[in-house]
1. Go ahead and set up a Gaussian network model of the chain, Cα springs under 10 Å, then flag whichever of 126, 33, 165 fluctuates most.
2. Quick check: from the Cα gyration tensor, does the range 34-83 come out rounded (a/c under 1.5), prolate or oblate?
3. Can you send over the solvent-accessible area of residue 157, 1.4 Å probe, protein chains only, in Å² to the nearest 10?
4. For an R0 of 35 angstrom, estimate the FRET efficiency from the Cβ-Cβ distance between residue 41 and residue 76 and round to the nearest 0.05.
5. Over every pair of different alpha-carbon atoms in the range 25-108, take the mean of 1/r and invert it; report that Kirkwood radius in Å.
6. Over the range 80-172, with the other protein chains present, what is the accessible area per residue in square angstrom, probe 1.4 angstrom?
7. In the chain, what percent of the accessible surface is made up of carbon and sulfur (1.4 Å probe, ligands and nucleic acids excluded)?
8. Which aspartates and glutamates, if any, have their Cα less than 20 Å from the Cα of residue 155, not counting same-chain residues under 8 positions apart?
Amino acid sequence: MTVQPIRLFGDPVLRTPADPVVDFDTELRRLIADLTDTMREQNGAGLAAPQLGVGLRVFTFDVDDVLGHLVNPVLEFPDEEEQDGPEGCLSIPGLYFDTKRRQNVIAKGFNGYGDPMQIVGTGLMARCVQHETDHLDGVLFIDRLDQAGRKEAMKAIRQAEWYDAAAPPVVKLNPHGSAASPFGLGG
(Lines give C-alpha, C1' and ligand atoms only; values in the text may rest on other atoms or scores of the structure.)
Protein backbone atom coordinates (compact mmCIF):
# COMPACT_ATOMS: atom_id res chain seq x y z
CA MET A 1 0.00 0.00 0.00
CA THR A 2 1.60 3.16 -1.23
CA VAL A 3 0.74 6.67 -2.25
CA GLN A 4 1.20 6.97 -6.02
CA PRO A 5 1.61 10.02 -8.29
CA ILE A 6 -1.64 11.20 -9.85
CA ARG A 7 -1.76 11.68 -13.62
CA LEU A 8 -2.66 15.23 -14.60
CA PHE A 9 -4.83 16.70 -17.34
CA GLY A 10 -3.12 16.17 -20.69
CA ASP A 11 -1.95 12.63 -19.90
CA PRO A 12 -3.45 10.34 -22.60
CA VAL A 13 -4.34 7.64 -20.05
CA LEU A 14 -7.08 9.95 -18.75
CA ARG A 15 -8.74 9.89 -22.18
CA THR A 16 -8.49 6.14 -22.72
CA PRO A 17 -11.45 3.94 -21.73
CA ALA A 18 -10.39 1.42 -19.07
CA ASP A 19 -10.65 -2.34 -19.50
CA PRO A 20 -12.96 -4.45 -17.34
CA VAL A 21 -11.31 -6.23 -14.43
CA VAL A 22 -11.22 -9.98 -15.04
CA ASP A 23 -8.82 -11.12 -12.31
CA PHE A 24 -9.95 -10.50 -8.75
CA ASP A 25 -6.57 -11.24 -7.26
CA THR A 26 -3.96 -9.86 -4.86
CA GLU A 27 -2.72 -7.44 -7.51
CA LEU A 28 -6.22 -5.92 -7.82
CA ARG A 29 -6.51 -5.58 -4.04
CA ARG A 30 -3.06 -3.92 -3.96
CA LEU A 31 -4.29 -1.45 -6.61
CA ILE A 32 -7.39 -0.73 -4.50
CA ALA A 33 -5.16 -0.11 -1.45
CA ASP A 34 -2.91 2.23 -3.49
CA LEU A 35 -5.96 4.09 -4.81
CA THR A 36 -7.32 4.46 -1.28
CA ASP A 37 -4.00 5.63 0.19
CA THR A 38 -3.43 8.12 -2.63
CA MET A 39 -7.01 9.45 -2.50
CA ARG A 40 -6.83 9.96 1.27
CA GLU A 41 -3.36 11.57 1.09
CA GLN A 42 -4.77 14.10 -1.41
CA ASN A 43 -8.03 14.61 0.55
CA GLY A 44 -10.05 13.47 -2.44
CA ALA A 45 -13.62 12.18 -2.50
CA GLY A 46 -12.76 9.59 -5.14
CA LEU A 47 -9.98 8.27 -7.34
CA ALA A 48 -10.11 6.06 -10.44
CA ALA A 49 -7.41 3.63 -11.57
CA PRO A 50 -6.62 5.58 -14.78
CA GLN A 51 -5.61 8.52 -12.58
CA LEU A 52 -2.74 6.32 -11.38
CA GLY A 53 -1.98 5.24 -14.95
CA VAL A 54 -3.76 1.88 -14.65
CA GLY A 55 -6.33 1.14 -17.36
CA LEU A 56 -8.74 -0.96 -15.27
CA ARG A 57 -12.36 -0.27 -14.30
CA VAL A 58 -11.99 0.31 -10.57
CA PHE A 59 -12.35 3.35 -8.33
CA THR A 60 -12.29 4.23 -4.64
CA PHE A 61 -14.39 6.75 -2.74
CA ASP A 62 -14.50 8.48 0.64
CA VAL A 63 -17.75 10.42 0.94
CA ASP A 64 -19.65 11.34 4.11
CA ASP A 65 -17.50 8.98 6.21
CA VAL A 66 -18.16 6.08 3.82
CA LEU A 67 -14.91 4.61 2.50
CA GLY A 68 -15.05 2.00 -0.24
CA HIS A 69 -14.37 0.91 -3.78
CA LEU A 70 -16.23 -0.47 -6.79
CA VAL A 71 -14.94 -2.69 -9.59
CA ASN A 72 -16.58 -2.79 -13.05
CA PRO A 73 -19.33 -0.30 -12.17
CA VAL A 74 -22.60 -0.07 -14.08
CA LEU A 75 -24.79 2.93 -13.30
CA GLU A 76 -28.56 3.19 -13.17
CA PHE A 77 -30.60 6.32 -12.50
CA PRO A 78 -33.85 5.81 -10.58
CA ASP A 79 -35.25 9.23 -11.55
CA GLU A 80 -34.57 12.40 -13.56
CA GLU A 81 -33.71 14.64 -10.58
CA GLU A 82 -30.58 16.74 -11.13
CA GLN A 83 -28.03 18.60 -9.03
CA ASP A 84 -25.74 21.44 -10.06
CA GLY A 85 -22.72 22.46 -8.05
CA PRO A 86 -18.97 22.80 -7.86
CA GLU A 87 -16.95 19.81 -8.98
CA GLY A 88 -13.19 19.32 -9.02
CA CYS A 89 -10.74 16.58 -9.87
CA LEU A 90 -7.39 15.43 -8.50
CA SER A 91 -6.18 15.30 -12.12
CA ILE A 92 -7.13 18.97 -12.57
CA PRO A 93 -5.92 20.17 -9.17
CA GLY A 94 -7.21 23.32 -7.52
CA LEU A 95 -9.91 24.09 -10.10
CA TYR A 96 -13.65 23.76 -9.55
CA PHE A 97 -16.52 24.37 -11.94
CA ASP A 98 -20.28 24.03 -11.56
CA THR A 99 -21.23 20.73 -13.17
CA LYS A 100 -24.67 19.19 -13.63
CA ARG A 101 -25.09 15.59 -12.52
CA ARG A 102 -27.93 13.31 -11.58
CA GLN A 103 -29.01 13.64 -7.96
CA ASN A 104 -29.52 9.89 -7.41
CA VAL A 105 -27.63 6.86 -8.69
CA ILE A 106 -27.48 3.12 -8.21
CA ALA A 107 -24.05 1.70 -9.00
CA LYS A 108 -23.67 -2.05 -9.35
CA GLY A 109 -20.35 -3.85 -9.57
CA PHE A 110 -18.00 -5.95 -7.47
CA ASN A 111 -15.63 -5.68 -4.54
CA GLY A 112 -11.95 -6.60 -4.74
CA TYR A 113 -12.77 -10.29 -4.20
CA GLY A 114 -15.35 -10.48 -7.00
CA ASP A 115 -18.40 -10.39 -4.74
CA PRO A 116 -21.35 -8.45 -6.18
CA MET A 117 -22.09 -5.13 -4.49
CA GLN A 118 -24.26 -2.08 -4.95
CA ILE A 119 -23.97 1.57 -3.96
CA VAL A 120 -27.12 3.66 -3.68
CA GLY A 121 -26.01 7.26 -3.67
CA THR A 122 -27.57 10.69 -3.49
CA GLY A 123 -26.06 14.15 -3.52
CA LEU A 124 -22.27 14.11 -3.12
CA MET A 125 -22.05 10.29 -3.26
CA ALA A 126 -24.02 10.28 -6.53
CA ARG A 127 -21.75 13.00 -7.92
CA CYS A 128 -18.62 11.08 -6.90
CA VAL A 129 -19.79 7.78 -8.39
CA GLN A 130 -20.71 9.46 -11.70
CA HIS A 131 -17.41 11.41 -11.79
CA GLU A 132 -15.27 8.32 -11.13
CA THR A 133 -17.21 6.16 -13.59
CA ASP A 134 -16.65 8.88 -16.20
CA HIS A 135 -12.89 8.51 -15.58
CA LEU A 136 -13.22 4.81 -16.42
CA ASP A 137 -14.82 5.82 -19.74
CA GLY A 138 -12.07 8.35 -20.59
CA VAL A 139 -14.34 11.31 -19.78
CA LEU A 140 -13.34 14.27 -17.59
CA PHE A 141 -15.84 16.43 -15.73
CA ILE A 142 -14.97 19.46 -17.86
CA ASP A 143 -16.35 17.51 -20.85
CA ARG A 144 -19.77 17.80 -19.21
CA LEU A 145 -19.67 21.61 -19.13
CA ASP A 146 -21.44 23.72 -21.72
CA GLN A 147 -19.32 25.48 -24.34
CA ALA A 148 -18.81 28.63 -22.25
CA GLY A 149 -17.95 26.54 -19.19
CA ARG A 150 -15.40 24.46 -21.13
CA LYS A 151 -13.82 27.63 -22.50
CA GLU A 152 -13.52 29.06 -18.96
CA ALA A 153 -12.12 25.75 -17.66
CA MET A 154 -9.51 25.52 -20.41
CA LYS A 155 -8.39 29.10 -19.76
CA ALA A 156 -7.97 28.31 -16.05
CA ILE A 157 -6.13 25.06 -16.83
CA ARG A 158 -3.68 26.82 -19.16
CA GLN A 159 -2.96 29.33 -16.37
CA ALA A 160 -2.45 26.67 -13.69
CA GLU A 161 1.14 26.25 -12.52
CA TRP A 162 0.96 22.46 -12.96
CA TYR A 163 -0.15 22.71 -16.62
CA ASP A 164 2.33 21.35 -19.17
CA ALA A 165 1.95 23.21 -22.47
CA ALA A 166 4.26 20.66 -24.16
CA ALA A 167 1.55 18.02 -23.76
CA PRO A 168 -1.41 19.62 -25.56
CA PRO A 169 -4.68 18.62 -23.94
CA VAL A 170 -7.56 16.97 -25.70
CA VAL A 171 -10.94 18.39 -24.76
CA LYS A 172 -13.98 16.42 -25.71
CA LEU A 173 -17.44 17.79 -26.24
CA ASN A 174 -20.29 16.37 -24.22
CA PRO A 175 -19.83 12.61 -24.75
CA HIS A 176 -23.55 12.18 -25.38
CA GLY A 177 -23.99 14.76 -28.14
CA SER A 178 -25.55 18.19 -27.99
CA ALA A 179 -29.15 16.96 -28.00
CA ALA A 180 -28.66 14.31 -25.34
CA SER A 181 -28.81 14.87 -21.64
CA PRO A 182 -25.37 15.36 -20.11
CA PHE A 183 -26.35 12.79 -17.50
CA GLY A 184 -26.77 9.70 -19.70
CA LEU A 185 -23.87 7.82 -18.17
CA GLY A 186 -25.62 4.57 -18.99
CA GLY A 187 -23.09 2.26 -17.39
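1. 165
2. It comes out oblate by the Cα gyration axes.
3. Accessible surface of residue 157 is approximately 0 Å².
4. Numbers: r = 32 Å, r/R0 = 0.90.
Step by step, r from the Cβ atoms, then E = 0.65.
5. Numbers: mean 1/r = 0.0714 Å⁻¹.
14.0 Å is the Kirkwood radius here.
6. Ligands and nucleic acids excluded, the figure is 49 Å² per residue.
7. Details: 4660 of 9200 Å².
Accessible surface attributable to carbon and sulfur in the chain totals 51 percent.
8. 11, 87, 98, 143, 146, 164
The values are calculated or read from the model by the stated rules, or taken from the named source; none is laboratory data. Values in this document were obtained by computation on a predicted structure and should not be read as measured data. Positions of Cβ are generated from backbone atoms using ideal geometry, with glycine treated the same way; all protein chains shown enter the neighbour counts. These area figures cover heavy atoms from the full protein model, side chains too; ligands, DNA and RNA do not enter into them. Shrake-Rupley method; radii C 1.70, N 1.55, O 1.52, S 1.80 Å.
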